[in-house]
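In what follows, a single structure is set out as structure tokens and then discussed.
The values are calculated or read from the model by the stated rules, or taken from the named source; none is laboratory data. The model shown is predicted, which means the values in this text are computed figures rather than measured ones. Here Cβ is always computed from backbone atoms with ideal geometry, including for glycine, and neighbour counts include all displayed protein chains. These area figures cover heavy atoms from the full protein model, side chains too; ligands, DNA and RNA do not enter into them. Shrake-Rupley method; radii C 1.70, N 1.55, O 1.52, S 1.80 Å.
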Amino acid sequence: MNEKVENLILEHLRVMRADIASINDEIRGIRSEMRSMKQHMAGFMTHEINQDGDIAELKVRMDRIEKRLELSDD
């Protein structure tokens, strides 16, 4: 093969390698962001579950109060 052709091919391969490295860096960044988002969502869901439990507990207490005051529709 001609030396100019070989050099041209090598130059293209170097550019491709640099592009792939850049893409890999971007993917690492995206993965890091996704991990952070997942952790945030897990915290949010935990908080929501705790609130649901608190609301259920308040409903039970309210039912007891209504029964004691004979305000229930039962």
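What percentage of the solvent-accessible surface of the chain, computed with a 1.4 Å probe over protein heavy atoms, is contributed by carbon and sulfur atoms?
Accessible surface attributable to carbon and sulfur in the chain totals 57 percent.
If I take R0 = 35 Å and measure r between the Cβ atoms of residue 28 and residue 57 in this structure, what FRET efficiency does the formula 1/(1 + (r/R0)^6) give, to the nearest 0.05?
0.20
For the chain, what is the accessible area per residue in Å² when the probe is 1.4 Å?
Each residue of the chain exposes 100 Å² on average to a 1.4 Å probe.
Answer with a single label: of (1) 1.22; (2) 1.37; (3) 2.77, which was calculated as Cα Rg over 2.2 N^0.38 Å from the structure in view?
Computed from the coordinates, Cα Rg over 2.2 N^0.38 Å corresponds to (3).
Straight-line reach from residue 59: which lysines have a Cα under 20 Å away, not including same-chain ones fewer than 8 places off?
Straight-distance partners of residue 59: 67.
What spacing in nm lies between the two simple spin-label points modelled at residue 39 and residue 15, each 7 Å away from Cα in the Cβ direction?
4.0 nm
With axes computed from alpha carbons, what is the tilt in degrees of helix 3-68 against the longest principal axis of the chain, rounded to the nearest 10 within 0 to 90?
0 degrees
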